[in-house]
Amino acid sequence: MSRRTLSLICLSVLLALGVTYTAVWYHYSQDDCIDLAHDPAQWDYLHRRWAEGGVILVQRHATKCLVEGPDCPDGNEALTDLGRLESKALGAGLKHALGGKYAVLHSDLTRTTDTAQIAFGSSNRSRDLEKPCKETFNQHIRDLRMPVGENLVLVTHSSCINSLRSRNGRRLLGFNAGRSWNFGLSAFVERGADGHNEPIGCMRPMDWAEMAPDLASSTVAAIADGITSPPPIRF
């Protein structure tokens, strides 16, 4: 094999790898959940829908300890100090920015129970939110019926958020909610005219902190310092 042929083969392989990398990067860097804190028009839409009722907030628990770390005794993945501050910001931000009527449910684990209790003061346990999430969770959300004018907050796990599907079968948010940079993710969902779940948009702990004027500046600073930024490719 000549050097020219070998060079052409190597160049072709590199080109193919480059195209593949670009395709993978594009796919995994995209999401279908609008950043509500930086999209005034969509935030206004959420505000109107929340006032009407019928919106479901599927809330991932706040930052938890790592089971292999020293701050996770007995393997109980409880909230960290940061997670407790994030939970406080969630409750304060939602109350100030949206208010209204909403019921709160949580799963059986400590990290969801504490997130709900710290954020909202009271919450009821629901077996439909437990980990591992049931395969029927997407349909469960579609079938939920709420009192007129009331919304629902479900404090649960990433597996439940990931099980939410759009009408074409893709993840409703378009990305894996289970990564560490998605602790405390708030996903607002409504039912479309055809009955399928539709994403309204997403909020994150820092977004809530910035919407809570009564939150101590030290709390806001601690949440900002604890933020984990996602990598360019978000598998």
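Here the range 144-198 exposes an accessible surface that is 48 percent carbon and sulfur, computed with a 1.4 Å probe and the other protein chains kept in place.
Model label points for Trp181 and Glu52, set 7 angstrom from Cα along the Cα-to-Cβ axis, are 3.4 nm apart. Rounded to the nearest angstrom and listed largest first, the equivalent-ellipsoid semi-axes of the range 127-235 from its Cα gyration tensor are 27, 18, 13. How many nm separate the modelled label positions at Leu144 and Asn124, each set 7 Å beyond the Cα in the direction of the Cβ? In this crude spin-label approximation the distance works out to 1.3 nm. Among the protein heavy atoms, those of Asp81 account for about 130 Å² of accessible surface (1.4 Å probe, every chain in place). Counted over the range 43-178, the DSSP beta bridges are approximately 15% antiparallel. Charge dipole (Cα centre; +1 on Lys/Arg Cβ, -1 on Asp/Glu Cβ; no other charges) of the range 86-161 amounts to roughly 120 debye.
The values are calculated or read from the model by the stated rules, or taken from the named source; none is laboratory data. Predicted model only: the values in this text are computed from it and were never measured. Cβ sites come from the backbone with ideal geometry, for glycine too, and all protein chains shown count toward neighbours. These area figures cover heavy atoms from the full protein model, side chains too; ligands, DNA and RNA do not enter into them. Shrake-Rupley method; radii C 1.70, N 1.55, O 1.52, S 1.80 Å.
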